[in-house]
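Here's the structure, in structure tokens; my notes come after.
The values are calculated or read from the model by the stated rules, or taken from the named source; none is laboratory data. On a predicted model such as this, the values are computed, not experimentally measured, just so you know. Cβ atoms come from the backbone with ideal geometry, glycine included; neighbour counts cover every protein chain shown.
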Amino acid sequence: MEKKDIASLPLPVLTDLLAEQHLPKYRAAQVYRWIHQKGAVTFADMTDLSKALRAQLDDNFVIFSCAIEKKLISCYDSTVKYLFRLHDGEMVESVVMQYKYGYTICVSSQVGCKMGCAFCASTLDGCVRNLEASEILGQVYAAQRDLDVRISHVVMMGMGEPLDNYDNTVRFLQMITDENGLHISSRNISVSTCGIVPKIYELAELKTGVTLSISLHAADDVRRSRLMPVNRRWQIAELLAAVRYYIKKTGRRVSFEYTLVAGENDSVQNAEELASLLSGMLCHVNLIPVNAVQETGLTPSDKTRVQTFQNTLLRRGINTTVRRTLGADINASCGQLRRTTVKQP
Ligand code: SAH
């Protein structure tokens with residue numbers, strides 16, 4: 001019998017499974033806290049359990065954890081980038097950033113990505129597989145353990161499309177906010193999507209309290225379809241209807257990511273169109289000069305163009321910030337480290 005991935009099991013499920021093995025409820029809570037609060041990566045770590053019980057758990061379950069394959073520390077701002085090795089040898093990236101309000105981790109949700117966005121390094125070789133909840137959680141636990149800090153904020157903006165791995169993403173969200181786990185406030189969590197419309201509606205129904213972040217990058221369908229193939233399936237009007245529904249259901253402000261690519265989507269007219277599109281919506285726009293990825297051939301907009309774009313939006317009453325670039329010397333944007341480390345076929 002294959003051993004079960006114990007770190008992907010929410011506490012009620014683990015409790016039921018252990019009850020089948022005649023173990024009381026408090027044992028499940030104890031094991032759960034070892035994994036999700038104290039960062040145990042083997043059953044042998046669980047020192048207050050009897051040897052017999054540890055052996056019993058070991059016979060039935062496996063704890064998936066992330067091993068540090070590579071670690072890069074930015075000399076500008078102490079941003080740390082990890083390349084983690086998973087149990088089957090696949091690699092994913094995570095980034096830890098320090099802000100005034102605490103530590104934020106950017107986690108991956110898939111090995112690779114199949115969405116095909118023109119500017120993104122994660123998608124260049126397609127999607128290898130989804131991550132289990134334990135593997136998304138494991139990135140947070142491994143980084144916390146390594147840095148010896150408490151991570152208070154999570155953004156799902158690493159490799160992969162979280163809503164293309166919906167069930168495991170939702171499970172991750174439930175488990176990371178669980179009081180028997182790291183108990184991170186849902187207010188401190190962002191889920192970023194390229195716009196998988198049906199899943200935005202599903203997520204709205206769950207009322208998780210997390211911030212939804214939409215990677216928009218263009219305000220008209222021709223341009224957006226060119227940059228993001230997902231737009232051919234769900235166009236901007238459909239996407240924004242889903243976003244409005246999310247806002248109505250959750251009362252939460254939605255965030256729009258807009259990557260500025262020189263000569264592609266960064267003119268004053270582009271900004272005016274964006275302002276018209278988002279006018280009156282409970283939202284915030286995050287402008288990000290595109291990170292140059294060699295294979296994409298796209299270049300970032302210069303400072304004055306970024307400033308003009310922001311001012312145009314602000315003048316139209318759209319809440320807009322420019323994303324501070326962190327870890328500029330360590331290729332901190334997603335997908336680049338894995339590509340240079342893992343040999344491509
Ligand atoms: N698949 C999800 C989350 C991962 S990407 C999504 O699309 O939102 C996280 C963010 O980084 C997205 O807004 C994405 O569009 C952006 N991004 C990807 N490559 C980038 C690059 N080279 N420069 C700037 N932003 C990039």
* Of (1) touching a helix residue (DSSP H, G or I) at 6+ places or on another chain (Cβ under 7 Å); (2) within 15 Å of the ligand (Cβ to nearest atom); (3) in a strand (DSSP E or B), residue 121 satisfies all except one. Which? -> (3)
* So, of the residues in segment 143-167 that are buried (at least 20 other Cβ atoms within 10 Å of the Cβ) and part of a helix (DSSP H, G or I), which turns out to be farthest from the ligand (Cβ to nearest atom)? -> 143
* **Residue satisfying all of: in segment 185-211; of a type in the set (A, V, I, L, M) and more than 10 Å from the ligand (Cβ to nearest atom); surrounded by the fewest Cβ atoms within 10 Å (Cβ to Cβ) among these** => 206
* Answer residue from segment 1-46, given it is in contact with a Phe, Trp or Tyr (Cβ under 9 Å, 6 or more places away or on another chain) and in a loop (DSSP other than H, G, I, E, B) and is surrounded by the fewest Cβ atoms within 10 Å (Cβ to Cβ) among those -> 3
* Look at segment 175-217 and say how many of its residues are within 19 Å of residue 153 (Cα to Cα) and of a type in the set (D, E, K, R). => 4
* **Some residue of segment 183-197 being modelled with pLDDT under 95, closer than 19 Å to residue 105 by Cα and part of a loop (DSSP other than H, G, I, E, B)** => no
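Residues checked against (1) buried (at least 21 other Cβ atoms within 10 Å of the Cβ); (2) within 16 Å of the ligand (Cβ to nearest atom); (3) modelled with pLDDT of 95 or more; (4) among the basic types (Lys, Arg):
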site: 277; (1), (2), (3), (4): no, no, yes, no
site: 284; (1), (2), (3), (4): no, yes, yes, no
site: 297; (1), (2), (3), (4): no, yes, no, no
site: 306; (1), (2), (3), (4): no, yes, yes, no
site: 316; (1), (2), (3), (4): no, no, yes, yes
site: 325; (1), (2), (3), (4): no, yes, no, no
site: 333; (1), (2), (3), (4): yes, yes, no, no
site: 339; (1), (2), (3), (4): no, yes, no, yes
site: 342; (1), (2), (3), (4): no, no, no, no
* Would you pick out the residues in segment 198-252 that are in a helix (DSSP H, G or I), closer than 17 Å to residue 283 by Cβ and among the polar types (S, T, N, Q)? -> 250
* **Residue among 80, 111, 41, 107 that is at negative phi and over 17 Å from the mean Cα position of the chain (by Cα)** => 41
* What number of residues within segment 75-101 satisfy the criterion of being in a strand (DSSP E or B) and within 25 Å of residue 113 (Cα to Cα)? -> 13
* To do: Inspect segment 127-135 for any residue being more than 12 Å from the chain's Cα centre (by Cα), surrounded by fewer than 22 Cβ atoms within 10 Å (Cβ to Cβ), over 25 Å from residue 327 (Cβ atoms) and among the acidic types (Asp, Glu) and give the result as yes or no.
  => yes
* Here are 72, 137, 53, 57: which of them is in a strand (DSSP E or B) and either within 16 Å of the ligand (Cβ to nearest atom) or among the aliphatic types (A, V, I, L, M) (or both)? -> 72
* Structure fact -> Filtering segment 229-275 down to residues that are under 17 Å from residue 322 (Cα atoms), surrounded by 21 or more Cβ atoms within 10 Å (Cβ to Cβ) and of a type in the set (Gly, Ala, Ser) yields 271
* Asked: Looking at this structure, is residue 65 away from the ligand (no atom under 16 Å from the Cβ), buried (at least 17 other Cβ atoms within 10 Å of the Cβ) and part of a helix (DSSP H, G or I)?
  -> no
